[in-house]
Amino acid sequence: MNNKESFLKNRYDPVNNRTITYDDDSRLNAVLSLIEPRVDKIKVLDIGCYDGEISKRIKNKLGNCEVYGIDISDNTREEAEKKGIIFKSNDLNEGIDFPDNMFDLVFAGEIIEHIYDTDFFVDEIKRILKPEGILVITTPNFLSLGRRISYLIGRGVYMEASLTYPKNPQPAGHIRFFTKDLLIGFMGCKGFKIEKYLSDTINFIGFRSDFLAKVFPPLGRSIICRFRNEK
């Protein structure tokens, strides 16, 4: 196991090192607003499903669906399966271990910023997603208001020197940094048409406003997009 794989398995382990909660989660609410219920039964994939909680909420929103979840940490399996998610341990560096054109909807929440070979990652999503299928993707906004102000005053928060430094806040393992235009342009060159773009919240040192993120999404904490697979 290499250093990056070991880091991800331990950093995003909901059993031994829970770092994600869902209380008052504006990003999750924004994601669910982009997912529309369907009459026909569909197949859904949650990439980096963690404990399966988001997968479960997507399943509840859609109703008639079969939801699969993949994660590099096998410790997520038990919790995900308890929520009715079909779980598979999967290292994304080796591809997405499903057949071509299997899924109607793919969700990749806070994943692409961890990926070195993003060309391969997006090509794999395109391969397993049906023509006209939907991809919902989220990633931190490099040009959020909080980042702009912190860099302007020389604080440089959310920066990591390595997988171990600094100790506080704990490194997240981000190696890619996106703006709205960069993400939409990149996905467009891969054959994904943008259908909707929004953000979740604007925050900085104790200040937070979900409303302002709706009015000024380029300043929001997250980039949240729904794309259609144009094959």
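Each residue in segment 44-94 was checked for being more than 17 Å from Ile134 (Cα to Cα), in a strand (DSSP E or B) and out of contact with any Phe, Trp or Tyr (no Cβ under 8 Å at 6 or more places or on another chain), and 1 of them qualify. Could you list, in sequence order, all residues of segment 159-207 that are of a type in the set (Phe, Trp, Tyr), modelled with pLDDT of 90 or more and over 30 Å from Leu129 (Cα atoms)? Hit for segment 159-207 is Tyr165, nothing else. Looking only at segment 155-168, decide whether some residue is in contact (Cβ under 8 Å) with a residue 24 or more places away in the chain and acidic (Asp, Glu). No, segment 155-168 has no match at all. Filter segment 9-40 for residues that are in contact (Cβ under 8 Å) with a residue 40 or more places away in the chain, open to solvent by 30 Å² or more (accessible area, probe 1.4 Å) and either among the hydrophobic types (A, V, I, L, M, F, W, C) or in contact with a Cys (Cβ under 8 Å, 6 or more places away or on another chain) (or both) and give the result. Answer for segment 9-40, where residues must be in contact (Cβ under 8 Å) with a residue 40 or more places away in the chain, open to solvent by 30 Å² or more (accessible area, probe 1.4 Å) and either among the hydrophobic types (A, V, I, L, M, F, W, C) or in contact with a Cys (Cβ under 8 Å, 6 or more places away or on another chain) (or both): Val15, Arg38. If you scan segment 120-158, which residues turn out to be among the aliphatic types (A, V, I, L, M), within 23 Å of Phe207 (Cβ to Cβ) and modelled with pLDDT of 90 or more? Answer for segment 120-158, where residues must be among the aliphatic types (A, V, I, L, M), within 23 Å of Phe207 (Cβ to Cβ) and modelled with pLDDT of 90 or more: Leu143, Leu145, Ile149. Filtering Arg176, Arg155 for residues that are open to solvent by 20 Å² or more (accessible area, probe 1.4 Å), over 22 Å from Thr19 (Cα atoms) and among the basic types (Lys, Arg) leaves a single hit, Arg155. Figure legend. Inter-residue proximity from segment 64-87: first residues farther than 21 Å from Ile125 by Cα and touching a residue at least 40 places away in the same chain (Cβ under 8 Å), second residues surrounded by 18 or more Cβ atoms within 10 Å (Cβ to Cβ) and of a type in the set (Gly, Ala, Ser), beta-carbon distance below 7 Å, spacing 6+ or different chains. Indicated pairs: Thr76/Gly52; Glu79/Gly52.
Within segment 130-154, can you find the residues that are in contact with a Gly (Cβ under 7 Å, 6 or more places away or on another chain), more than 18 Å from Glu195 (Cα to Cα) and either without any contact (Cβ under 8 Å) to a residue 40 or more places away in the chain or assigned to a strand (DSSP E or B) (or both)? Across segment 130-154, the qualifying residue is only Asn141.
The values are calculated or read from the model by the stated rules, or taken from the named source; none is laboratory data. Predicted model only: the values in this text are computed from it and were never measured. Note that each Cβ is placed from the backbone with ideal geometry, even for glycine, and that neighbours are counted across all protein chains shown. Each accessible area value is taken on the protein alone, full model and side chains, heavy atoms only, with ligands, DNA and RNA left out. Shrake-Rupley method; radii C 1.70, N 1.55, O 1.52, S 1.80 Å.
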